[in-house]
Amino acid sequence: MASILKRGFGLALAALLLAGCTQESAETTARPDPVQIESGDECHVCGMAITRFPGPKGEAFPEGSEKVHKFCSTRDMFAWLLQPENKNRDHTLYVHDMARADWNQPDDRHLIDAREAWYVVGSEKTGAMGPTLASFASQDEATAFTGEYGGDVLAFQDVTMEHLNQGMSMGGMDSMEGGKEAGSLQH
């Protein structure tokens, strides 16, 4: 009888320890919440003041870090994310839902999981770096946006560096060199 009690006690203790480890593991892998983009925040990629420009913004919490990288546009967020050292890591990412946010001053209460968002590339709407990717919580809202502003709808995993370079090739360089109208590159 004593050995049965000892074994039962040992199993109960092991279950409690295992439950504690599972709970601790869940706490350490919990996703951080999005944070407010403040007026003095600068883009992690280009160093521009984020809140001074229109269009959707992005945030990334690099895997294993509580530090947040903030981006002046979804285009810059993807440019950072698609770099080889970042591409296959499990970052927590947020973007503005532009069906709910004002294009000129997106409200950070409308930040959504970037991996679940839908993106419009090639629209006539611009952000801090000129062409940007409009982000939406639903595919239907992204499709409705294309009806008014043009572009193509893509899922998060379908965005490539080629999409980021649309409209940025020589057009952006010509603007900076005076080859096209000044002001066509909103930087």
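Summary table
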| quantity | calculated |
| --- | --- |
| Those residues of the range 79-119 which are among the acidic types (D, E), surrounded by fewer than 19 Cβ atoms within 10 Å (Cβ to Cβ) and within 20 Å of D33 (Cα to Cα), in sequence order | D90, D107, D108, D113, E116 |
| Selected residue (criterion: surrounded by the most Cβ atoms within 10 Å (Cβ to Cβ)) from residues of the range 126-150 that are over 16 Å from D113 (Cα atoms) and within 18 Å of the chain's Cα centre (by Cα) | T132 |
| Among residues of the range 82-131, those that are modelled with pLDDT of 95 or more, among the aliphatic types (A, V, I, L, M) and not in a strand (DSSP E or B), counted | 6 |
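The values are calculated or read from the model by the stated rules, or taken from the named source; none is laboratory data. Treat the numbers as computed from the prediction; the structure is a model and nothing was measured. Virtual Cβ from ideal backbone geometry, glycine too; neighbours counted across all protein chains shown.
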